[in-house]
Each structure stands twice: as C-alpha cells, then as structure tokens.
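See below for the structure under consideration.
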Amino acid sequence: MGELKLMKGNEALAEAIIRAGTDGYFGYPITPQSEVLEYLMAAKPWETTGMVVLQAESEVASINMLYGGGGTGKKVVTSSSSPGISLMQEGLSYIAGAEIPILIVNVVRGGPGLGDIQPAQSDYFQSTKGGGHGDYRLIVLAPSSVQEMADFVPVAYDLAFKYRNPAMILSDGAIGQMMEKVEFFEPIPRLSDEEVKKRYAWATNGKPKNGERRILTSLDLDPQKMEDHNHHIQEKYRRIEENEVRFEALQCDDAEYVLVAYGTSSRVSLKAIKLLREKGIKAGLLRPITLWPFPTKKIQELVKQGVKGFLSVEMSAGQMVEDVRLAVNGKVKVEHFGRLGGMIHSPEEVVEALEQKIIGG
Amino acid sequence: MSEIALKDIIKPENLVYQKTKLMTDKPLSYCPGCGHGTTHRLVMEIIEELGKEHETVGVAPVGCSVLAYEFMNVDMQEAAHGRAPALATAIKRLWPGNIVFTYQGDGDLAAIGTAETIHACNRGEKIVIIFINNGIYGMTGGQMAPTTIEGMKTSTSPYGRDVSIMGYPLKITELVAQLPGTYYVTRQSVQTPSAVRKAKRAIKKAFQNQLNNAPGLSFVEVVSNCNSGWKMTPVDANHWMEENMFPFYPIGDIKVDGQLVK
C-alpha cells in the first residue's frame, strides 16, 4: 500500500481506473461525476499505461463504445450520473445479452427526469432489477467511502470478467463529491494484446489462425435457442447469487433491530445505531456491498437470530425495502424510511423513524 | 466421341472464379436481386485479397443485414440499431493494428444512428463504413427511410413521400464529406457487372486507406435496389433505381484523399 491521499470520490475513482489496468475509458460529462473524465484527461494515461480516454458524443455512444471495446476482451469503463445512465440502458441490455464484461459507474443524483444534482439512491431498481429490456442482471457494488470508490474498481472488473457480465459501481453524489483520505492499491499492469487473446477465447479481436471466427450478438431468431440462451445466463446469475454476495454487518450479533442501508445512507445509519445504543436500544447495521446479488441469506439468518424488525434506510421512496421484505418473508416487521429528490437524512431522523415505525409501530 | 466427366472439368487449372472463403457457406437470407449479397462478397473478397482475415473485426447493424455476421467469415460484433460506429470506434482505438469496418443500412446509419455516424466521421476514426442505401426499411416490411426520395411510395408514405409533411430525403453521404474527419467518401452501386467492378475498386480503396493509416474515415455508400420493398421485379427495380435514385444520389467519388472532388 502506498501513501495516503486526500481526494474527492470521483477523483479517487478516476485514479483507480488508471491503476486497475484499464484499457479504455469512454464517457460524457454530467454533474455530479464530471471530475472523472476531467481527471483522466489531465492525467494523460495514454502516455503512461497506454490507456485510451475518449469523450464520446453522448452516453448512448459511450455505452456502445464499451460494447465494442469490451467485446474485444479489453478492460473498458464508463461513468455517468442518473439521466445519463438511463440513456445507457439499451446498450446495457445488449451487453448483458452478448455477455460482454464491462464496468459502468453511476454517481446517482436526484430524479425523476432532470431532477437535481444532489445525491440520491433512487436508481436502485434500475440497477438491480435489470434496467433495460429483457431478463438480465448487473453485478452491483455500492461503495460507502472514497476508499471504496477506489477499491471496488479492480473488484468489479474481476467479477465482470469472471462471469462475462456487466458490473456496476452504484455510488451517489455525496460519495462522488466528498473528500476523504484514500490509500491506493498497487497498480495492476494492462494486459498485452497477446495475453488478452490467450485469456479470452470468446473476444472478437481478429479470427485466430487455427480456429473459428467469433461472433458477439444478443440476437437469435430461433425462440428455442433464445430460451436456451436465457437459461444459460440465468444459471450464471444463480452462481453469482451463490458465490458473490458481499456485505458488512455492524453490531448485528446482539441486535434486536437492524437498519439496512448502503452508500451514503449507511454512513448516516452508522451514526444512528450509535445514538440508538446510547439510548439502550440494541440496534445493528447491515450494509449490503453487493446490491445484486442481495444479502438475502444474511437477512434470513438475522431473523432466525431473533431480530425483531428491519428498517430500510434509503435516499429513495422505498426501493431496496422490497428486497428486504422478500428476504424476511413476513416473519418480522420491515419498514422503509427515505428522503427523496436529493435530500439526505439526519441520524436523528433515522433514530426517530426506527422508534416510530418499528419499535413503537 | 468420348464422354466428359465432371471430374475432368473441375480441375484447378480450369478454375476462373470461386467464392471467397471469407463468405460462409450459409445461404444468404437476402431477396434475390438485392445488392446486399454482392456487397457482402466484395467486402470479404477485399479482406482476403489484403491478407487481413485474422486482423479484421466487422460490426453488423440492425436492418436487413442484421445477420451479416452469419455470412461474413471474420470476427464480428452485432450492434444495437444505429450504434455500429460507436462500437467500431472503440474496437479500432483499442486495436489500432486491426482492420475495423461497419456495414449499415439507411435507417440504421442515417436515421437512428445519425449522431454516431456524424461523430465517428468528424473524429476521423480510422475505420471503414459501408452504407447500403435502398431508400426503404426492408427488414420491417417497407417503411419510409431517411433516404426515401420525394414522391416514393412506402408503407408509411403510401401516397408517396410528401416533403411538406415528412421532410426531405437526407443526403448523408454529401453531409459527411463536408466533415474534416472523412478522408474518402464515395457513392457506388452494384446493379451491373461494370458497377460491381467500380464498387469493388472503391471499397478496396477504402480498406487500403485504413491499412495505410490514412488520417480519417473512409465512407462508401452503395445505392441498392430493394425489389421486394419497392414491389418490383429485380430487373424493374434496377431500372427504377437508375432512373429515379441515381439523379438524386449521383454515383461517383465525392471526396478523395481528404479533398472534395465535387
């Protein structure tokens, strides 16, 4: 590990993108994540690691550049914020269908529509349930600090390539804009063209001398073959659900009540459980790190362990709470507490919500 | 008189022409008489002649040639509707030693993908774009295209294209020729042996430009008939194309070696 640096979340993300051995970044400016492209253009990684950085004409073009580049076996990434991510949904559906590993970062802002430029978590459904057309999933990682904005980049790439599936880092405007200390991982060298060809036999980068040409497509006009392909990707998703759930459980061992929160909400909730414990209420925090796959089993374990109620704390009108309810399956009380449209809860509001909606409710 | 057996005829020394091995053996899904099959073959013959079979990546569109990857025997990606130039941009930038091309129809390139087309051209991406213009949406059953000429009947302009309601046909090839990022822009056709030979020279020049690392994009429009969409026999469709399409979409080079020629 290297020296500590004080950086914005978006800048730490950009630096991590270079260090993770990325071959290409393709993006379009949008608040509150424009620092990513600005940092990369200022850093000129094409002179050091050989990484390509390109400002595209739209988010639609960016995501399709990822299809093309990722389809050749190279490590490619884009970042945007909510309205831009909506524009990318078509491309993501095609990428998931063609099983192309790519990384996409959403620094979420308030919506719907143009909304505002303040932090929000209202893109949870879009991120974890597919987002575009067809049956597919993204692997979704939710950082809650500037450190995790950096650390999750190589983790997300590894998952994307391991499963040939798009991966998303779902951040928010607060994590993207705030400054914190960050310690970077050792740089990961870019793969040579030869290594890419050797590792990824599916990639379309020139027909092998002694092999068949490769095709990347999401199309099959034969519905039976399309059903078979869907079963194949669903089987992959089951393996991801089985093996890749990540979460942090804080003070859950003796907890009677558990707050479920990710990203910025989890930081507010961490303070809230401290305040609750000071009042003698045994509260814990479950922080899903992977939003899909969701830590369903952990929630079920907590129910068995005797947790009496869950409060899903979100900067949304109540999206993740549906996954908490599915996990709990009616056994104990589950409620939602949210601030909307770019507002963030105070810890005191969360304490009050737990007391009113769960304990006293 | 001795009988001549087939084996006496099929000999290497008697071979005057054969299908390029870069076309697969899968029967083409195009209507008989359509220009797609010929244009596919020309592109693949050229890749073979340039010796770039193992260094080529093609991008297929959405439209009649959505299954181009079934017929073109090189590494291929299938893009979403209109997005092929964005895919090709990243492929070429990440593999600058590869030959990268898109193959697109008029709806794909000149309607839904206009932004991707213009900006790939304007950035001077070192790729080849092959653009089939038949003035109609063939795959979806003959609707009006951005390149449908004035007065032309389609299923969504059943009384003929009325430009006061439906706007004007888009000469996107002339438009991209104005951009500093294009290096070679030409319009060809494949309805006669002579036209096929000229089209092949043009497409070869486009790929040769990329091979030579020429500073810009090479863009080849092929005006083609759509006999089933136009509801004509192939022969009538070719005549109609020559009489009605060519005056509006004149055949020939528009920009050569970065200089406008007309």
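The table below lists the values:
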read-out: Inverse mean reciprocal Cα-Cα distance (Kirkwood Rh) of segment B:88-203, Å; value: 15.5
read-out: Kirkwood hydrodynamic radius (C-alpha pairs) into Stokes-Einstein, segment A:223-355, 4 °C and 1.567 mPa s, D in µm²/s; value: 84
read-out: Alpha-carbon centroids, segment A:31-56 and segment A:274-316: separation in whole Å; value: 38
read-out: Low-density loop cleavage sites - trypsin sites (Lys or Arg not before Pro) in segment A:79-144, where at most 16 other Cβ are within 10 Å (DSSP); value: A:LYS129
read-out: Exceeding the 21 Å Cα-Cα cut-off - candidates A:LYS74/A:LYS198; A:LYS274/A:LYS357; A:LYS271/A:LYS331; A:LYS74/B:LYS126; A:LYS274/A:LYS308; value: A:LYS271/A:LYS331
read-out: Contact order normalised by residue count of chain A, Cα under 8 Å, 6+ apart, percent; value: 18
read-out: Chain B, relative contact order [Cα under 8 Å, separation at least 6], %; value: 18
read-out: Electrostatic dipole magnitude of chain A [Cβ: Lys, Arg +1; Asp, Glu -1; Cα centre; debye, to 20]; value: 620
read-out: MRE, 222 nm, helices only [DSSP H, n ≥ 4, -39500 (n - 2.57), over chain A, to nearest 500]; value: -12000 deg cm²/dmol
read-out: Selected from B:PRO27, B:PRO146, B:PRO234 as most flexible by GNM, with chain B as the system and alpha-carbon contacts under 10 Å; value: B:PRO27
read-out: Theoretical gain in end-to-end length, A:GLN356 to A:LEU275 [0.36 nm per residue, Cα-Cα removed]; value: 27.6 nm
read-out: Simple label model, 7 Å out from Cα along Cβ direction - B:ASP162 to A:GLU248, nm; value: 6.5
read-out: Cα→Cβ-extended label distance, 7 Å offset, between A:LYS225 and B:ASN14, nm; value: 3.6
read-out: Two-site FRET efficiency, A:ASP158 against A:GLN305, from Cβ-Cβ distance with R₀ of 35 Å, rounded to 0.05; value: 0.65
read-out: Residue of B:GLY51, B:GLY135, B:GLY160 that the Gaussian network model of chain B assigns the largest fluctuation, springs spanning Cα pairs under 10 Å; value: B:GLY51
read-out: Rg/Rh for segment A:1-80, where both radii come from Cα atoms and Rh is the Kirkwood radius; value: 0.97
read-out: Amide H contacts of A:LEU216 (H built 1.01 Å from N, under 5 Å, at least 5 apart or other chain); value: B:MET76, B:GLN77, B:GLU78
read-out: Stokes-Einstein D in µm²/s, Kirkwood radius over Cα pairs - segment A:26-139 at 25 °C with 0.890 mPa s viscosity; value: 170
read-out: Crossing angle, helix A:9-19 versus chain A [Cα axis fit, 0-90 degrees, rounded to tens]; value: 40
read-out: Calculated over segment A:104-180: convex hull of Cα atoms, volume per residue (Å³); value: 76
read-out: Scattering profile of chain A at q = 0.07, 0.08, 0.10 Å⁻¹ [log10 I(q)/I(0), Debye over alpha-carbon scatterers]; value: -0.30, -0.40, -0.61
read-out: Share of pairwise Cα separations in the protein assembly as shown, more than 40 Å, in percent; value: 36
read-out: Peptide A:215-225, shielding by other chains (average Cβ, 10 Å cutoff); value: 4
read-out: Cβ-Cβ FRET estimate between B:ASN244 and B:GLU49, R0 fixed at 41 Å, reported to 0.05; value: 0.75
read-out: Rg followed by Dmax, in Å, when segment A:4-193 is reduced to its Cα trace; value: 14.8, 44
read-out: Over segment B:29-150, volume per residue of the alpha carbon convex hull, in Å³; value: 102
read-out: Relative contact order [Cα under 8 Å, 6+ residues apart], segment B:52-188, whole percent; value: 20
read-out: Computed E for A:GLU322/A:GLU183 - FRET, C-beta separation, R0 35 angstrom, nearest 0.05; value: 0.45
read-out: Model label zone, B:THR114; criterion: amide N under 13 Å from point 7 Å along Cα-to-beta-carbon; scope segment B:167-182; value: B:167-173, B:175-176
read-out: Computed Rg/Rh of segment B:4-78, alpha carbon atoms with Kirkwood Rh; value: 1.06
read-out: Cα pair count fraction exceeding 19 Å, expressed as % - segment A:279-334; value: 24
read-out: Contour minus Cα-Cα distance for A:TRP46 and A:LEU340 (0.36 nm per residue); value: 101.8 nm
read-out: Rg to Rh quotient for chain B, alpha carbon positions, Kirkwood Rh; value: 1.00
read-out: Proportion of all alpha-carbon pairs of segment A:157-311 beyond 19 Å (%); value: 70
read-out: Cleavage-rule hits (trypsin sites (Lys or Arg not before Pro)) in segment A:196-297: DSSP loop, at most 14 neighbouring Cβ within 10 angstrom; value: A:LYS209, A:LYS279
read-out: For segment B:1-21 versus segment B:182-205, the gap between their alpha-carbon centres in whole angstrom; value: 30
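Quick note: the coordinates plus some simple rules give every number you see, no bench work behind them. Just so we're clear, the structure is a prediction, and the values are computed from it rather than from any experiment. Here Cβ is always computed from backbone atoms with ideal geometry, including for glycine, and neighbour counts include all displayed protein chains.
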